[in-house]
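A short write-up of the structure that comes next.
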Ligand code: CP
């Protein structure tokens, strides 16, 4: 069975959420539309809906995270699920317990969902292939493979500000080679039908293979930014680099850093996204990161509604109680 089919049940509904690759446009739009219905929950006096009452979600983060872990936790709590955050640093993983044994032990606690982040590509699909049939797995970022919920919250933010995808030229700038976010964004934005998707970066950090996914490759930042509606900046994933990919960080900022002058080449109403964490003065200047065209913190807020949408679609399949409507 192909990896991306593992996430769909016999009815074509989401059983796991592991990658955007292979999902239909209709399903991606359903996620965005459902997220829109949850966006208002944050401004209610009681920020909760009862959709996942009685369900248990376990956050399993084997790699550092600020935004993804906390917004998954908030999303699960706002859906009324019980949430456990496993602290991997103090777990029995340190005593040599295998991933599969950790999984079996957590399964024995009768949970319904694992949210998994791991530095190894393929970790989330591995979990999905081995969990009990009633348990769902959501990929919160695995190695350089995929970060599908990040791509969906980016798409949600773009649609929220810009509307219809079909008119939009989007540039994804930076370390494409090591970026799970870039890979998921390319799948999401091409499936959602953007007019043009550009990837911009040095030859060492842009694999030729992205052209086969429908992206246009640029190695010159000024050319890549000209007349785009959306600029997505990416962090240099130095922890994943083995060898010399760059002359120096100073040189990188000079050639590929987003400054106000470079941003002026895009459309005047262009927006700037970044999945975070941002490295000021490496890929982005503070005046752009904090400027009026930046929607970086809006992305973080939207992460909660989008993750609520995905969790409720995955676990909602099993919910038969007619009371649990939002
Ligand atoms: N965007 C993102 O994945 O950020 P964190 O590593 O803080 O979760």
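For a modelled paramagnetic label at residue 109, 7 Å from Cα along Cα-to-Cβ, no residue of the range 299-316 is in reach, as no backbone nitrogen comes under 17 Å. Using alpha carbons only, how many angstrom separate the centre of the range 183-262 from the centre of the range 42-59? Each part reduced to its Cα centre gives a spacing of 37 Å. Between the helical axis of 67-78 and the longest alpha-carbon principal axis of the chain there is an angle of about 40 degrees.
Based on Cα contacts under 8 Å between residues 6+ apart, the chain shows a relative contact order of 21 percent. Fewest neighbouring Cβ atoms within 10 Å first, the residues 158, 86, 186 line up as 86, 186, 158.
Axis of helix 180-191 versus longest Cα principal axis of the chain: the two differ by about 90°, to the nearest ten degrees. Secondary structure note: in the range 1-127, about 10% of the DSSP beta bridges are antiparallel.
Could you order the peptides 90-96, 120-126, 9-15, 306-312 from most to least packed, using the average number of other C-beta atoms within 10 Å per residue? Kindly include the intermediate steps, with their values, before the conclusion.
Numbers: 90-96: 10.3, 120-126: 19.9, 9-15: 13.1, 306-312: 27.0.
So the order, starting with the most tightly packed, is 306-312, 120-126, 9-15, 90-96.
All Cα-Cα distances of the chain, cut into 20 Å bins from zero to the largest, leave 33, 57, 10 percent in each bin in turn.
Ranked from highest to lowest mean number of other Cβ atoms within 10 Å per residue, what is the order of the peptides 41-50, 253-262, 224-233? Provide the component values of the computation, followed by the final result.
Details: 41-50: 11.8, 253-262: 17.2, 224-233: 22.2.
Going from most to least packed, we get 224-233, 253-262, 41-50.
Measuring how big the range 33-119 is from its alpha-carbon positions, Rg and Dmax come out at 14.7, 45 Å. Relative contact order of the range 148-297, taken over Cα pairs closer than 8 Å and 6 or more residues apart, is 23 percent.
If you fit an axis through the alpha-carbon atoms of helix 296-316 and take the longest principal axis of the Cα set of the chain, what angle between them do you get, 0 to 90°, nearest 10? With both axes taken from Cα atoms, the answer is about 30 degrees.
Taking a ≥ b ≥ c as the square roots of the Cα gyration tensor eigenvalues, with a/c under 1.5 meaning rounded and otherwise prolate when a/b beats b/c, else oblate, which class fits the range 159-250?
Working: a/c = 2.02, a/b = 1.76, b/c = 1.15.
In terms of gyration-tensor shape, prolate.
Out of every Cα-Cα pair that the range 81-234 contains, those further apart than 22 angstrom amount to 50 percent.
Taken together, the values in this text are just the output of simple stated rules run on the coordinates, not laboratory data. Small disclaimer: the values here were computed from a predicted structure and weren't measured. Please note: Cβ atoms are built from the backbone with ideal geometry, for glycine as well, and neighbour counts cover all protein chains shown.
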